[in-house]
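**Student:** Sharing a structure, written as structure tokens. Questions coming.
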Amino acid sequence: MDIWLEVIPQLIARIESPTQAVRNGVHELLSRVAKEHPQALVYPLVVACKSQSQQRRVAAEELFARMRAHSGELVEQALFVSAELIRIAILWHEQWHEALDEASKLYFGAHDIDGMIDTLEPLHK
């Protein structure tokens, strides 16, 4: 299994292959690698889970679901760290600027006062 560690990025690139046989083979191979070296797949799969491609996200989440059976704590910790890094990467004033922009669109454009309040309320906590 160690030989596959060098080509994990290429395998991850194929997790959403349109060919069912290729996709199944890649998923099976990555699942086997994950049993012996789960830490080698965590970061690439976290990145794939954040993809804009829905097929890629679903494929990465399926692999994470398989990994949870034997490395559940590692998977949860990796997802938590990823979410926290994204959360702290956005500065406070950027969050407020984006929320105020969205709230003003709701208030002035859609006349949705409740939506405006719902947008701004989480920033007060």
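**Student:** So, in the stretch 105-125, how many residues would count as being acidic (Asp, Glu) and over 21 Å from GLU94 (Cβ atoms)?
**Tutor:** Qualifying residue count, the stretch 105-125: 2.
**Student:** Additional query: Which ones in the stretch 3-50 are part of a helix (DSSP H, G or I), among the acidic types (Asp, Glu) and either within 16 Å of HIS70 (Cβ to Cβ) or touching a residue at least 24 places away in the same chain (Cβ under 8 Å) (or both)?
**Tutor:** Of everything in the stretch 3-50, those that are part of a helix (DSSP H, G or I), among the acidic types (Asp, Glu) and either within 16 Å of HIS70 (Cβ to Cβ) or touching a residue at least 24 places away in the same chain (Cβ under 8 Å) (or both) turn out to be GLU28, GLU36.
**Student:** Go through the stretch 90-112 and give me each residue that's touching a helix residue (DSSP H, G or I) at 6+ places or on another chain (Cβ under 6 Å), under 20 Å from LYS125 (Cα atoms) and of a type in the set (Asp, Glu).
**Tutor:** Matches in the stretch 90-112: GLU102 only.
**Student:** Can you tell me which residue in the stretch 14-47 is nearest to VAL81 (Cα to Cα), limited to those that are among the hydroxyl-bearing types (Ser, Thr, Tyr) and open to solvent by 30 Å² or more (accessible area, probe 1.4 Å)?
**Tutor:** Applying the first criterion (among the hydroxyl-bearing types (Ser, Thr, Tyr)) to the stretch 14-47 yields 17, 19, 31, 43.
Filter once more, so that each one left must be open to solvent by 30 Å² or more (accessible area, probe 1.4 Å): 19, 43.
On the way: THR19: 33, TYR43: 10 Å.
Among residues in the stretch 14-47 that are among the hydroxyl-bearing types (Ser, Thr, Tyr) and open to solvent by 30 Å² or more (accessible area, probe 1.4 Å), the one nearest to VAL81 (Cα to Cα) is TYR43.
**Student:** Would you pick out the residues in the stretch 99-125 that are surrounded by 12 or more Cβ atoms within 10 Å (Cβ to Cβ) and among the acidic types (Asp, Glu)?
**Tutor:** GLU102, ASP112, ASP118
**Student:** Hey, another quick one. So SER82 fits all but one of (1) under 11 Å from the mean Cα position of the chain (by Cα); (2) open to solvent by 50 Å² or more (accessible area, probe 1.4 Å); (3) among the hydroxyl-bearing types (Ser, Thr, Tyr); what number is the exception?
**Tutor:** That leaves (2) as the condition not met.
**Student:** Can you find, within the stretch 48-73, the residue that is modelled with the lowest pLDDT among those that are touching a helix residue (DSSP H, G or I) at 6+ places or on another chain (Cβ under 8 Å) and open to solvent by 60 Å² or more (accessible area, probe 1.4 Å)?
**Tutor:** LYS50
The values are calculated or read from the model by the stated rules, or taken from the named source; none is laboratory data. None of the values given here were measured: they were computed from a predicted structure. So basically every Cβ, Gly included, is an ideal-geometry build from the backbone, and we count neighbours across all protein chains shown. All accessible areas refer to the heavy atoms of the entire protein, side chains included, with ligands and DNA or RNA removed. Shrake-Rupley method; radii C 1.70, N 1.55, O 1.52, S 1.80 Å.
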